[in-house]
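The structure appears below as structure tokens.
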Amino acid sequence: GANADILNFAVFNGDSDTSVLRLFSLSRIYGALGDAGQNFKTLKFLSKSLTTDASLHVIHGCGTVQTESSLALIQRATTMVQGDSDTFRVTLSGTPPSVCGSDPSKVEDCDKPDMGSCGNACCVVELSFPGSAPATVYEKVKTALSDLDDYEFVGGKDLTPYNITEPELFKFMGQGRHSAPKYNGANADILNFAVFNGDSDTSVLRLFSLSRIYGALGDAGQNFKTLKFLSKSLTTDASLHVIHGCGTVQTESSLALIQRATTMVQGDSDTFRVTLSGTPPSVCGSDPSKVEDCDKPDMGSCGNACCVVELSFPGSAPATVYEKVKTALSDLDDYEFVGGKDLTPYNITEPELFKFMGQGRHSAPKYNGANADIL
């Protein structure tokens, strides 16, 4: 339903006649700082339906330390593969000031095109506010999302009553949307943000943007542009530190602490997603410690909790892997296949030999429909 988690996936040729499946799961609702291991569980349960060797390689989030992988190539990408706008998001009709438009090379801050870092294109950055209290930063973001053209404030949470100390001193979080002429409403890009105490009386704002529609392998720099434009409305020093995606090399940051997190902060289910009524086999439920594959709780890696993994299929063609995923998403309880794209006509060679991609959703008893997690 409306609260189901979002699932993105992409299939590309790896080494030695191996196909690689990249899977991404994002806690959909605003306020989902932690996931009690649900995003990893969602991807692991799905993977077990695809192959007997469901050994997942964690790329980002998932509550674990990030390791170097083929994703580094994506993050070093400096040019966009050209294709139709439905597949690659390279053509946007009209050029509002926050939109890269049909010729991103001529638009300020559209120089960080991403391809497939979250299955779809995405961008995670951090922005510091020396001398500003977290409440002040939160109100600035809320006001900007409410007032700026093409942005929208969806909702937020005051986390101070929960006294969160690990992996960061999280104080506030929220969600918004960014629209372009062709991608708006239900297809507007998703924005998550979280505010925490940094060092020396500094507040840190973590911002995340995800290309919403299925088939958005590349973004022509739009996700970074979206966050940069927003940041410039918040401070005169909008120097963004790239954490993940955004077409750039990933660097070590405070995010490493999140990815090393091994325990969940307990709180109400609306804020932390730790209580789910009922326990379908793909759901971590109210006591994740007793549920298989719920041992990688994430907190805030994408503003909200998220998880990106890769799974190899030696000897399988990309088309075979794609059909397996499509069938599993269509047939498994609590999963849903939204749509997919055959990328073979575009002859993509960088940053990976992408052949297919798609999107799905995963629902839990309390989070379903439009708020289901994105895959």
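With a ≥ b ≥ c taken as the square roots of the eigenvalues of the C-alpha gyration tensor of the stretch 163-220, please select rounded if a/c is under 1.5 and otherwise prolate if a/b is larger than b/c or oblate if it is not? Taking the square roots of the gyration eigenvalues as a ≥ b ≥ c, the stretch 163-220 is prolate.
Taking R0 as 45 Å, what FRET efficiency do you get between Asp295 and Thr236 from their Cβ-Cβ distance, rounded to the nearest 0.05? It comes to 0.55.
Percent of C-alpha pairs per 5 Å bin in the stretch 193-248, short distances first: 4, 16, 26, 25, 15, 8, 4, 2, 0.
Per-residue packing, averaged as other Cβ atoms within 10 Å, sorts the ranges 126-133, 26-33, 298-305 into the order 298-305, 26-33, 126-133, beginning with the highest. Using the empirical formula 2.2 N^0.38 Å as the baseline, the Cα radius of gyration of the stretch 280-358 reaches a ratio of 1.38.
Taking 22 Å as the cut-off for C-alpha to C-alpha distance, list the pairs among Lys41/Lys225; Lys142/Lys296; Lys41/Lys171; Lys225/Lys326; Lys112/Lys182 that go past it.
Too far apart for the 22 Å limit: Lys41/Lys225; Lys142/Lys296; Lys41/Lys171; Lys225/Lys326.
Computed from backbone phi, the HN-Hα couplings of the stretch 304-313 come to 7, 6, 7, 7, 10, 9, 10, 9, 9, 10 Hz, rounded to whole numbers (Karplus: 6.51 cos²θ - 1.76 cosθ + 1.60, θ = phi - 60°; Gly and Pro given as x).
Amide H contacts of Ser132: Ser203, each under 5 Å away and 5 or more positions distant or on a separate chain (H built 1.01 Å from N in the peptide plane; Pro and chain starts excluded). Residue ranges 288-296, 239-247 sort as 239-247, 288-296 when ordered by packing (mean number of other C-beta atoms within 10 Å per residue, highest first). For the stretch 286-312 versus the stretch 113-154, the spacing of their alpha-carbon centroids is 23 Å. Note on surface exposure: Arg206, Arg361 rank Arg361, Arg206 by accessible area, highest first, 1.4 Å probe. Translational diffusion of the stretch 120-211, estimated by Stokes-Einstein from the Kirkwood radius over alpha carbon pairs at 37 °C in a medium of 0.692 mPa s, is 240 µm² per second. Measuring r between the beta carbons of Ser330 and Glu350 and using R0 = 25 Å, the FRET efficiency lands at 0.20.
A 1.4 Å probe run over the stretch 113-243, with the rest of the protein chains in place, finds 32 Å² accessible per residue.
The values are calculated or read from the model by the stated rules, or taken from the named source; none is laboratory data. Predicted model, so just to flag it, every value in this text is computed and none were measured. No Cβ is skipped: glycine too gets one built from the backbone with ideal geometry, and neighbour counts run over all protein chains shown. Each accessible area value is taken on the protein alone, full model and side chains, heavy atoms only, with ligands, DNA and RNA left out. Shrake-Rupley method; radii C 1.70, N 1.55, O 1.52, S 1.80 Å.
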